[in-house]
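To start, the structure itself, in structure tokens.
The values are calculated or read from the model by the stated rules, or taken from the named source; none is laboratory data. It should be emphasised that the depicted structure is a prediction, and the values quoted were computed from it without experimental measurement. With ideal geometry, Cβ positions are generated from the backbone for all residues, glycine too; neighbour counts draw on all protein chains shown. Heads up: the accessible areas ignore ligands, DNA and RNA and are worked out on the full protein's heavy atoms, side chains in. Shrake-Rupley method; radii C 1.70, N 1.55, O 1.52, S 1.80 Å.
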Amino acid sequence: MAEKVTAGHDALGAFAPRFAELNDEVLFGQVWSRETELSARDRSFATITALIATGAFEQLPFHMQKAKENGLTADEVAEIITHLAFYVGWPKAWSAFNIAKEVYEVA
């Protein structure tokens, strides 16, 4: 089972408690724990792809770190970003590569 996430409560609990609850209990509690249907590794693959595609780079470092913890290698992430570059745009790929380099500690 996925570990308990309190990021929503920690970041937005005082300002948007219902959103924080949905983030922590539904998204990270119920959805991410459905590993019989889709592994955490595959969920990470899908999530970082969606974040890159939509340009949601503020959330990408957290999810790229989770992808690393869930078994995606630096080479696989580089290949995902390279592939996406042709579909979602070169600038988004550059931004994603810069985040990936930090997460995977590559100079």
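Looking only at residues in region 57-77 that are surrounded by fewer than 17 Cβ atoms within 10 Å (Cβ to Cβ) and small (Gly, Ala, Ser), which one is nearest to Ser33 (Cα to Cα)? Break it down into steps so the answer makes sense when it comes.
Going residue by residue through region 57-77, those that are surrounded by fewer than 17 Cβ atoms within 10 Å (Cβ to Cβ) are 57-59, 61-62, 65, 69, 71, 73-76.
Imposing the further condition that a residue be small (Gly, Ala, Ser) reduces the set to 71, 74.
Numbers: Gly71: 16, Ala74: 24 Å.
Per the criteria, the residue is Gly71.
Could you tell me whether Leu38 is under 25 Å from Ala100 (Cβ atoms), within 13 Å of the chain's Cα centre (by Cα) and aliphatic (A, V, I, L, M)? Before the answer, list the steps.
Numbers: under 25 Å from Ala100 (Cβ atoms): yes; within 13 Å of the chain's Cα centre (by Cα): no; aliphatic (A, V, I, L, M): yes.
No; evaluated as a whole, the condition is false for this residue.
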message: of a type outside the set (S, T, N, Q), within 17 Å of the chain's Cα centre (by Cα) and within 20 Å of Glu105 (Cβ to Cβ): is that true of Glu69 in this structure?
response: yes
- request: Determine whether Glu37 is modelled with pLDDT of 95 or more, assigned to a loop (DSSP other than H, G, I, E, B), closer than 19 Å to Ala67 by Cβ and not hydrophobic (A, V, I, L, M, F, W, C).
  value: yes
- line: The residue that is nearest to Ala93 (Cα to Cα), considering only those in region 20-51 that are among the small types (Gly, Ala, Ser) and open to solvent by 30 Å² or more (accessible area, probe 1.4 Å), is Ala50
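With Thr82, Thr54 as the choices, which residue is within 23 Å of Glu102 (Cα to Cα), among the hydroxyl-bearing types (Ser, Thr, Tyr) and open to solvent by less than 70 Å² (accessible area, probe 1.4 Å)? Talk me through it step by step, then tell me what you get.
Values: Thr54 fails: open to solvent by less than 70 Å² (accessible area, probe 1.4 Å).
None of the others qualify; the one that does is Thr82.
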